[in-house]
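The values are calculated or read from the model by the stated rules, or taken from the named source; none is laboratory data. It should be emphasised that the depicted structure is a prediction, and the values quoted were computed from it without experimental measurement. Positions of Cβ are backbone-derived with ideal geometry, glycine not excepted, and every protein chain shown enters the neighbour counts. Areas reflect the complete protein model, heavy atoms only, side chains present, ligands, DNA and RNA absent. Shrake-Rupley method; radii C 1.70, N 1.55, O 1.52, S 1.80 Å.
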Amino acid sequence: AVANALRLHPSLTEINLNANNIGSQGGETLADSLTTNQVIQTVKFNYNWIGKFGAVAFGNALRQNKSVQNLELYRNKIGDEGAVALVVALKYSNSIKEVNLGGSRFDV
């Protein structure tokens, strides 16, 4: 329901889903919705344990999304693979200004 709203809402510029126990699969679904929403600017998914698969999905989504400026994935255990996917996505994004990955446990 939230992912569909994010896909279809034409004027939503910020979403805060902190501490909702979204998990990896939920993170992947929500990240995918960013590929079609081109107006959202701030995405806050702190404390949701999206793991490496969720982080990779966010990385893939950010390659296509041209509106996200602020991404917060604090404390999500994204691991090295997730961190690398997000860093690679930054090469393709001209809109990202701030990324918070604090406490996300990676060694890259």
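When 105, 7, 63 are compared by accessible surface with a 1.4 Å probe, the order from highest to lowest is 105, 63, 7. A simple spin-label model places the labels of residue 94 and residue 80 3.4 nm from each other, with each point 7 Å out along Cα-to-Cβ.
For residue 46, the residues whose amide H sits under 5 Å from its own are 17, 18, 19, 74, ignoring neighbours fewer than 5 places away on the same chain, with H placed 1.01 Å from N.
For residue 25 and residue 67 in one chain, what is 0.36 nm times their gap in residues minus the Cα-Cα distance, to one decimal in nm?
That works out to 12.8 nm of additional length.
With every protein chain left in place, what is the accessible area per residue of the chain in square angstrom, probe 1.4 Å?
52
Distant-in-sequence amide contacts of residue 22, defined by a placed amide H-H separation under 5 Å and a gap of 5 or more residues or a different chain, comprise nothing. Here residue 80 sits with roughly 70 square angstrom of accessible surface, probe radius 1.4 Å.
Accessible-area rank, largest first, for 14, 72: 14, 72, with all protein chains present and a 1.4 angstrom probe.
Give the value in nm², to one decimal: projected area of the alpha carbon convex hull of the stretch 16-108, averaged over all directions. Can you show the working numbers first?
Details: hull surface 18.7 nm².
Mean projected area of the Cα convex hull: 4.7 nm².
For the stretch 63-108 and the stretch 3-36, what is the centre-to-centre distance using only Cα atoms, to the nearest Å? Using only Cα atoms, the two centres lie 15 Å from each other.
Which FRET efficiency value, to the nearest 0.05, do you get for residue 87 and residue 35 by plugging their Cβ-Cβ distance into 1/(1 + (r/R0)^6) with R0 = 22 Å?
Working: r = 19 Å, r/R0 = 0.86.
Efficiency for this residue pair is about 0.70.
Only protein heavy atoms count here; under a 1.4 Å probe, residue 8 has an accessible surface of about 140 Å².
Build a GNM of the chain with springs between Cα atoms under 10 Å apart, and of 40, 50, 15 the one that fluctuates most is 15.
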